[in-house]
Amino acid sequence: MSIVRKVRAIERLFDRLDGEIKVFQQTSGLHCYAGCGKCCNKSDIDASPLEFLPLAFHWFINHEAEQKLELLNQEQSPICHIYSPLSIGHLTNGSCQIYQHRGLICRLFGYGASKDKLGQLRLVTCKLIKENQLESYEKTQQLLKDAEYVPVFSDYYKKLAQIDFHLGNQIMPINEAMKEALEVVLSHYAYRPFPRPRKKAA
Ligand code: SF4
């Protein structure tokens, strides 16, 4: 599958997930706090290169890929390179600079479930939500017990890996995943013509 087709397939998967998350948010009543960046300001976020292929492709078609790769190579911090904190004094308040192209992990966290050893679904969310939205959180735990639909991490990662088994099954620190995605795009187009711009929907 070509890079363009992979990017489109990942974007379709993300659109589907975003739709499911919207429904799940309405059913559960759970929501992130405006301006909160606590989950992005973590040093142990792992991701696959494949989920950042749309971002790498976006940078590439905007002629930013080499520059971004250089910046990522210079990055010393394990915190996501894309996260922009409000200020030094407020590191957990901030925003994602490329929200539209964020990865699968970024979309699932807070609104996705993982399966425990017994196959029971557990919501993967943050302390803030658990403590401050207790009623909605408990309602959600019950919804999961009642087998109400929730996006499941492992299911979505399996769907992602169907697009590219190799790139979808490598899990590494988030900045490494972005670098790997950029390297894949840059090496793919090293000897190929620049991709044609996407046709605008009528
Ligand atoms: S890509 Fe965006 S949403 Fe994902 S961890 Fe980085 S800053 Fe947060």
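Nothing in this text is a laboratory measurement; each read-out follows from the coordinates by a stated rule. These numbers were taken from a predicted model, which means no experiment stands behind them. Please note: Cβ atoms are built from the backbone with ideal geometry, for glycine as well, and neighbour counts cover all protein chains shown.
Data table
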read-out	value
Label point distance in nm, HIS90-LYS145, each placed 7 Å from Cα along Cα→Cβ	3.9
Listed residue (LEU123, LEU69, HIS90) projecting farthest to the positive dipole end of region 3-188, Cβ model	LEU123
Given LYS115/LYS145; LYS6/LYS158; LYS159/LYS179; LYS117/LYS145; LYS127/LYS179, the pairs whose alpha carbons are separated by over 18 Å	LYS159/LYS179; LYS127/LYS179
Summed residue charge, Cβ within 13 Å of ASN169's Cβ, Lys/Arg positive, Asp/Glu negative	-2
TYR33 paired with GLN100, simple spin-label distance in nm, labels 7 Å along Cα-to-beta-carbon	2.9
Computed E for LEU118/HIS166 - FRET, C-beta separation, R0 41 angstrom, nearest 0.05	0.85
Candidates per chymotrypsin sites (Phe, Trp or Tyr not before Pro) in region 85-182, loop by DSSP, up to 16 other Cβ within 10 Å	TYR149
Magnitude of the charge dipole, the chain, Cβ model with Lys/Arg +1 and Asp/Glu -1, debye to 20	620
Qualifying chymotrypsin sites (Phe, Trp or Tyr not before Pro) in region 1-53, DSSP loop, other Cβ atoms within 10 Å at most 14	TYR33
Within region 47-113: Cβ-based charge dipole about Cα centre, in debye rounded to nearest 20 (Lys, Arg +1; Asp, Glu -1)	260
ARG198 versus GLN74: modelled label distance in nm, points set 7 Å from Cα along the beta carbon direction	3.0
Normalised contact order of region 3-188, rounded percent, pairs of Cα under 8 Å and 6 or more residues apart	36
